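Report on the structure given below.
Please treat every number below as a calculation from the coordinates, not as lab data. Just so you know, these numbers come straight off a predicted model, no measurement behind them. Cβ sites come from the backbone with ideal geometry, for glycine too, and all protein chains shown count toward neighbours.
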Amino acid sequence: MTTPRLEIDLAKIQHNAHVLVSLLGTQGISVWGVTKAMMGLPGIAKALLAAGVSGLADSRIENIQTMRLASVTADMMLIRSPMISQADLVVGAADVSLNTELDVISELSKAACAMRRTHGILLMVELGDLREGIMPADLESVVRQVLLFPNIALKGIGTNLACRCGVVPDAENMGELSNLADAIDATFGPVLSVVSGGNSSNLNWVLGAADTGRINNLRLGESILLGCEPLHRQAIEGLYTDAITLVGEVIESKTKPSRPWGEVAESAFGAVGPQADTGSISQAIIALGHMDTDPDGLTPPTGMKILGSSSDHLIVDSGGNRLSVGAEVAFQLNYSALIRAMVSPFIAKRIEQGRSDQDFSALQSPGLVA
């Protein structure tokens with residue numbers, strides 16, 4: 001079988017999405033399934049929709065186009081601020097986009113008028129993570145102008161936390177978003193149907209909150225695909241954490257010293273070689289490297305340790321189990337490793353159906369593992 005490869009179990013992903021959709025639904029919160037880490041694979045899209053997500057969300061219009069060409073029928077949202085140069089593509093393929101700039105919305109309006117379509121937007125609000133977002137004090141003025149654009153429908157407001165600076169969603173910033181929604185509706189009438197609190201990093205807050213206020217939507221990707229929450233990378237009870245694995249092949253297996261010899265400087269990617277001498281080890285090389293994935297985001301099987309990596313080689317200490325040349329080793333991935341492996345042309349993608357829908361009911365409901 002081709003290596004290296006990503007093995008993607010659609011049924012496990014569908015299970016994870018189904019559990020989270022059901023759990024959040026009891027609190028009146030809808031889920032948009034984020035497909036960007038999967039490059040808009042139609043199989044992933046269909047699994048998420050079968051699990052009950054309200055729509056699909058992606059950061060690249062090209063991925064949305066891929067799903068459209070595969071006849072995926074669903075509401076689709078572009079979750080990276082649109083580029084002016086792609087305004088026509090955005091309006092043509094996406095139903096909704098996240099926005100912060102009036103100049104961009106103006107171009108979306110022109111494109112929508114030309115196509116005789118209405119394009120929905122969510123205005124993103126800056127609440128501390130210092131990525132995209134309108135400053136709260138400027139929101140009312142922006143809303144006032146957005147409501148004047150023809151063929152533009154203001155659907156709601158949203159925010160994004162934890163992605164750039166790691167700011168944690170909590171009662172304070174989520175309460176501020178709710179209060180902003182109330183203030184906008186009080187000024188302009190009931191114009192906001194969606195208040196999108198953020199991404200998978202919001203799950204800790206949602207599951208522990210007595211009152212989620214106006215928050216009625218989350219955009220979930222990592223928690224569905226990897227079964228964990230992003231703030232502390234903790235597994236979510238009841239979800240699969242092995243729905244996606246990266247399989248590599250051993251191309252060398254030898255007993256070698258643990259410490260390099262000769263003068264040591266920086267390696268190809270800036271690391272310095274190990275200085276401690278622990279004696280001879282069973283060292284294996286896997287045909288994976290920085291050109292394929294983020295080696296720092298890989299977790300090897302129990303008993304194995306990743307020692308280092310270069311462009312094309314992943315070096316591991318196989319411990320007491322000497323690996324044979326040609327053997328396959330399966331790694332778990334974090335989000336960084338996943339998205340880099342997914343876009344690599346050198347990584348094959350194997351889609352598996354896995355367990356059937358009928359088996360889902362046997363698995364327990366989730367809670368976050370502390």
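Out of the stretch 247-296, which GluC sites (Glu not before Pro) are coil in DSSP terms and have no more than 13 other C-beta atoms within 10 Å?
Loop-located and lightly packed - 263.
Within the chain, what percent of beta bridges assigned by DSSP are antiparallel, to the nearest 5?
That works out to approximately 50 percent antiparallel.
Modelled label-to-label distance, residue 50 and residue 245, 7 Å Cα→beta-carbon offset: nm?
Using points 7 Å along Cα→Cβ, the separation is 2.1 nm.
For an R0 of 35 angstrom, estimate the FRET efficiency from the Cβ-Cβ distance between residue 182 and residue 73 and round to the nearest 0.05.
0.55
How compact is the stretch 9-230 by the rule of thumb for globular proteins, expressed as Cα Rg over 2.2 N^0.38 Å?
0.96
Across the chain, where is the longest run that never hits chymotrypsin sites (Phe, Trp or Tyr not before Pro) in a DSSP loop with at most 16 other C-beta atoms within 10 Å?
1-260
Straight distance only, please: which lysines reach the Cα of residue 110 with their own Cα at less than 24 Å, same-chain residues fewer than 8 apart left out?
Answer for residue 110, where 24 Å is the Cα cut-off: 155, listed by chain and number.
Counting every Cα pair in the stretch 148-206, what percent are over 14 Å apart?
When all Cα pairs of the stretch 148-206 are counted, 60 percent exceed 14 Å.
Principal axis lengths of the stretch 235-337 from Cα atoms, whole Å, largest first?
49, 29, 24
If the limit is 27 Å between Cα atoms, which of 254/305; 46/305; 12/349 go over it?
Check vs 27 Å cut-off fails for 46/305.
How would you rank 125, 191, 143, going from fewest to most other Cβ atoms within 10 Å of each one's own Cβ?
Ranked by crowding around the Cβ, least crowded first: 191, 143, 125.
For the chain, what percent of Cα pairs sit more than 39 Å apart?
Counting every Cα pair in the chain, those more than 39 Å apart make up 24 percent.
For the stretch 286-342, divide the Cα radius of gyration by the Kirkwood radius and give the resulting Rg/Rh value with two decimals.
Checking Rg against Rh, the ratio lands at 0.95.
Determine which aspartates and glutamates satisfy two conditions relative to residue 256: a Cα distance under 18 Å, and not lying fewer than 8 residues away in the same chain.
277, 317
Give me the mean projected area, in nm² to one decimal, of the convex hull enclosing the Cα positions of the stretch 140-284.
Over all viewing directions, the stretch 140-284 projects a mean Cα-hull area of 15.7 nm².
Would you mind pulling out the separation of the Cα centroids of the stretch 288-307 and the stretch 22-40, in Å?
One Cα centre to the other: 29 Å.
With all distinct Cα pairs included, what does the Kirkwood hydrodynamic radius of the stretch 53-143 come out to in Å, to one decimal, could you say?
13.6
Taking the simple approach of a point 7 Å from Cα along Cα-to-Cβ for both residue 343 and residue 116, what is their distance in nm?
With each label placed 7 Å out from Cα toward Cβ, I get 3.8 nm.
Could you work out [θ]222 nm for the chain from helices alone, using -39500 (n - 2.57) per DSSP H run of at least four and dividing by all its residues? Round to the nearest 500 deg cm²/dmol.
When only DSSP H runs of four or more count, the value is -8000 deg cm²/dmol.
How much length is gained on full extension from residue 193 to residue 269, taking 0.36 nm per residue of separation minus their Cα-Cα distance?
22.6 nm
Expected output is a single nm value to one decimal: the length gained when fully extending between residue 207 and residue 336, i.e. 0.36 nm times separation in residues minus the C-alpha distance. What is it?
43.9 nm
Can you pull the one-decimal nm distance between simple spin-label points at residue 280 and residue 83, each 7 Å off the Cα toward Cβ?
5.5
When the chain is fully extended, how far beyond the present Cα-Cα distance does residue 164 get from residue 305, taking 0.36 nm per residue of separation?
Difference between extended and current length: 47.8 nm.
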